[in-house]
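Peer 1: This is the structure I have questions about; it appears just below.
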Amino acid sequence: MNPSKTVPPPLSSLSPDAVLDEHARGWRSKLFQAGLVLAVVLLASWYVDLLDFRTLANGVPAIATLMGESLPPDFTNAMDWIAPLVDTLAMSIAGTAIAVTASVPLAFLAARNTSPHPVVFHVTRTLLNALRSVPELIMGIIFVAAVGFGALPGVLALGLHSIGMVGKFFAEAIEHVDPAPVEAANAAGATRLQVHWHAVLPQVLPQFADVSIYRWEYNFRASTVMGMVGAGGIGFELMGSLRVMQYQEVSAILIVILVMVTMVDSLSGHLRKKFK
């Protein structure tokens, strides 16, 4: 115990006035922190002109005009959107599969309690940080330039970007496992791989499944945007309609995307309940 470090007395040993003073100091500290956060939010809002209500008010008529031109939705070409929707769904599934497959071994290398060496830990963490620091839209542009138009660049962009996020969540789940089974496996003479397989992995599988399903849901929404850079899918159809200013068709495609996102969200919620 550090003798220079003073430990505050328990509240039960303080007088009522001292307890009230301690409580008041806690509230003042929380109010100060909340005020500081609010000040930062207001400063950022002012900096990006979010508080410029005159500019916002001037944009309302243009938004109203655009919404009027978007109604009623035009579903004339709805049958032509089935294949792009299938492409979008396949993109999200394949990209998530790439991310999960690569993230499992990377997570064991990026977790403090399972990484074989500090150098490996820091290198893997840096790799995960680098992958998630580049937005999937930028990766999509790069892969479109590398492999051409179609669903493949979208899959690669979603997969690589997702590795950064999924690997991070997997590693954090591994770091919070109960150490008792790990210690028991080590005491029994298990190898490092056996410890990971029998003592760590069974504890984190539910979290792995939950993160994977959530990431698939996110990737489906992101894959609709990937089409805007030429990576195929329903987003490509949306950009085509926007370029020719077919706003009624744009609103119809947005409704279709909303329905699909709602269905994927409901399915992912059901799957998450199954794995809990």
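The values are calculated or read from the model by the stated rules, or taken from the named source; none is laboratory data. Note that the structure is predicted; figures quoted are calculated from it, not measured. Using ideal geometry, Cβ is built from the backbone for each residue, glycine included, and neighbour counts are taken over all protein chains shown. Heavy atoms of the whole protein, side chains included, go into the accessibility calculation; ligands, DNA and RNA do not. Shrake-Rupley method; radii C 1.70, N 1.55, O 1.52, S 1.80 Å.
Peer 1: Is it true that residue 221 is among the charged types (D, E, K, R) and farther than 25 Å from residue 271 by Cα?
Peer 2: Here the answer is no, as residue 221 does not meet what is asked.
Peer 1: For residues in the range 71-104 being among the small types (Gly, Ala, Ser) and open to solvent by less than 10 Å² (accessible area, probe 1.4 Å), which is nearest to residue 237 (Cα to Cα)?
Peer 2: My answer is 92.
Peer 1: Something else now. Consider the range 24-67. How many of its residues are in contact with a helix residue (DSSP H, G or I) (Cβ under 9 Å, 6 or more places away or on another chain) and either loosely packed, with under 11 Cβ neighbours inside 10 Å or farther than 30 Å from residue 252 by Cβ (or both)?
Peer 2: 4
Peer 1: Can you say whether residue 107 is touching a helix residue (DSSP H, G or I) at 6+ places or on another chain (Cβ under 8 Å) and either in a helix (DSSP H, G or I) or surrounded by fewer than 14 Cβ atoms within 10 Å (Cβ to Cβ) (or both), as far as the supplied structure shows?
Peer 2: yes
Peer 1: If I ask for residues that are hydroxyl-bearing (Ser, Thr, Tyr) and either open to solvent by 90 Å² or more (accessible area, probe 1.4 Å) or in contact (Cβ under 8 Å) with a residue 40 or more places away in the chain (or both), which ones from the range 236-276 would you list?
Peer 2: Across the range 236-276, the qualifying residues are 247, 251, 268.
Peer 1: Could you identify the single residue in 223, 241 that is modelled with pLDDT of 80 or more and out of contact with any Ser or Thr (no Cβ under 8 Å at 6 or more places or on another chain)? Quick ask: steps written out before the conclusion?
Peer 2: Details: 223 fails: out of contact with any Ser or Thr (no Cβ under 8 Å at 6 or more places or on another chain).
Within the list 223, 241, the selection yields 241.
Peer 1: Test of understanding: among 90, 64, which residue is in the same structural domain as residue 262 (by the TED database) and not basic (Lys, Arg)?
Peer 2: 90
Peer 1: Related question: Within the range 53-90, take every residue that is within 30 Å of residue 150 (Cα to Cα) and of a type in the set (S, T, N, Q) and give me the one that is farthest from the chain's Cα centre (by Cα).
Peer 2: My answer is 76.
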